[in-house]
Amino acid sequence: MGPNGFIQTRTLSVRFVDTAETRPRWRFNLAHRVDARLQLGLEWNAAANEVVPTGNWIVATETDSRPMVSVGTSSDRIFSPPGTRAWYVTAGKSTGRAAPYVSLFHSGWERRWRFPAGVNLQLSPHVDLLPMTDGRNAHVLLSHRREQSNISLMWIALRHPGIGMGWSY
């Protein structure tokens, strides 16, 4: 939520990962929230000069008795080659300070299904820890969130440090 309780309609994020592979080093995302459940955007993997449309639709919002369920598409996982697309369905449920999720993810690169999962742990009102797997590699993100911005320290594939920043407006 933004000032005065309005939903922020646009987000811009940038990510850098210290890896010898060029495609995942720099990624930029620009997304527009069409309404409370639908977000559409563009992802630019700068080193590969790859632009990919992205989308995410919340099929069911979370309630006391039901998890949130969303479907979406983006480029394939972080170490996939350019031009590969992924499709996914994700379910997540908040349980106090922990929010686990599971996904069914079709990798266009590997042409097979993967099963990403993780749990977002709220360490303080503004700090989260997210250990996760993308169905192939494990990653850990430590994020500091503010109302209209965030910064994340990343440990990608438990070998590569990275940093991500995002802004809503």
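The values are calculated or read from the model by the stated rules, or taken from the named source; none is laboratory data. Small disclaimer: the values here were computed from a predicted structure and weren't measured. Ideal geometry is used to build each Cβ from the backbone, glycine not excepted, and the neighbour counts take in all protein chains shown.
A few points about this structure:
- Scan the stretch 88-117 for residues that are closer than 29 Å to residue 127 by Cα and not β-branched (Val, Ile, Thr) and the total you get is 18.
- Failed item, numbered, when residue 66 is tested on (1) without any contact (Cβ under 8 Å) to a residue 40 or more places away in the chain; (2) surrounded by 14 or more Cβ atoms within 10 Å (Cβ to Cβ); (3) more than 18 Å from residue 13 (Cα to Cα): (2)
- Test for residue 130: is it over 20 Å from residue 19 (Cβ atoms) and part of a strand (DSSP E or B): no
- Residue 103 out of contact with any Asp or Glu (no Cβ under 8 Å at 6 or more places or on another chain), free of Cβ contacts under 8 Å to residues at least 12 places away in the same chain and either polar (S, T, N, Q) or under 26 Å from residue 162 (Cβ atoms) (or both): no
- When the stretch 145-169 is filtered for residues that are closer than 22 Å to residue 33 by Cα and not hydrophobic (A, V, I, L, M, F, W, C), the ones remaining, listed by number, are 145, 146, 147, 148, 149, 150, 152, 164, 166, 168, 169.
- Candidates are the residues of the stretch 75-94 that are part of a strand (DSSP E or B) and not aromatic (Phe, Trp, Tyr); the one that is surrounded by the fewest Cβ atoms within 10 Å (Cβ to Cβ) is 89.
- Test: residue in the stretch 95-102 that is out of contact with any helix residue (DSSP H, G or I) (no Cβ under 9 Å at 6 or more places or on another chain), surrounded by fewer than 17 Cβ atoms within 10 Å (Cβ to Cβ), of a type in the set (Gly, Ala, Ser) and part of a loop (DSSP other than H, G, I, E, B): yes
- Every residue from the stretch 26-66 that is under 24 Å from residue 143 (Cβ atoms), modelled with pLDDT of 95 or more and either outside any strand (DSSP E or B) or among the hydroxyl-bearing types (Ser, Thr, Tyr) (or both): 37, 54, 61, 62
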